[in-house]
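The structure under discussion appears below in the form of structure tokens.
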Amino acid sequence: MSADLEQRLRSLLGLNKYQASAYLVLLKAGPMRPQEVAKQAGVPVQRIYDTLRSLQEMGLVIEREGVFEAVNPLQSLGALAKREVARALERASDIDALAKDLSSSAPGARPAEVTLVRGLDSVMGTALATASSCNERPVFLARKVFERLNVLLSALKELVRSSGPGTLVAVPKGYLERYRQEAEELSGYGLRVVESDAAFLDLMVACDTVIIGVPYGGDAIAVVIKDREFAEGLRKGLLNLLSSAP
């Protein structure tokens, strides 16, 4: 058999040269006595018994009345593969548990939570729940939202009421003239509506949460990111960007 197979046996199964050679000989020639295996595999006679016993312990060969025979590789190596998978899963589980324990010990190291919310009602519900539970005034960028005010106005009113006065909403340039009546109605709740080139998408930043809305056919989806450091950095950047708006 090829040197490639021997190398793969040694690399994947951790066999040494004697073990790999003896195993390949048994696979090719069938049942043999140890002395015959030693001769064909080039294994010293004084080493052949230990070599065959080690292969037997791994489940690669069996012995019947002093004669050794290779087990069908689909059976023997399949069993080895399953054991490797089980060990890997157990190790992965242990590592995951360690990560959670370490995370609970170091709150600042907690990873961001990213979820995808589908459906216009679910997106608006998520925004409302976020605004209601946040003690800071959210910052909004609104683009497609204003283009669908005929559908969203009632939900936006509820969201605005939850956000409270002082909330900043940025819309694309030209939208205040285009949606004058709706903007004035929303401003009646204490919002500050400004025009900015930054409003190229629908976005909400509130406390530790960033919600990014994406049009999806006739419906909507949103990416919700819960990470305080990211949210605070984005909020600060937006406020600086929009501070010069008229």
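The values are calculated or read from the model by the stated rules, or taken from the named source; none is laboratory data. Since the structure is predicted, the reported quantities are computational estimates derived from the model, not experimental observations. Neighbour counts are summed over all protein chains in view; Cβ atoms, including those assigned to glycine, are modelled from backbone coordinates with ideal geometry.
Here are the numbers:
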quantity	calculated
Segment 20-66, residues that are β-branched (V, I, T) and surrounded by fewer than 14 Cβ atoms within 10 Å (Cβ to Cβ)	V45
Of all residues making up segment 38-66, the number that are within 22 Å of A79 (Cβ to Cβ) and not small (G, A, S)	12
Filter result for K82 (of a type in the set (D, E, K, R) and in the same structural domain as Y23 (by TED's automatic domain parsing))	no
Selected residue (only one of R87, R143, R137 is surrounded by fewer than 13 Cβ atoms within 10 Å (Cβ to Cβ) and at pLDDT 70 or above)	R87
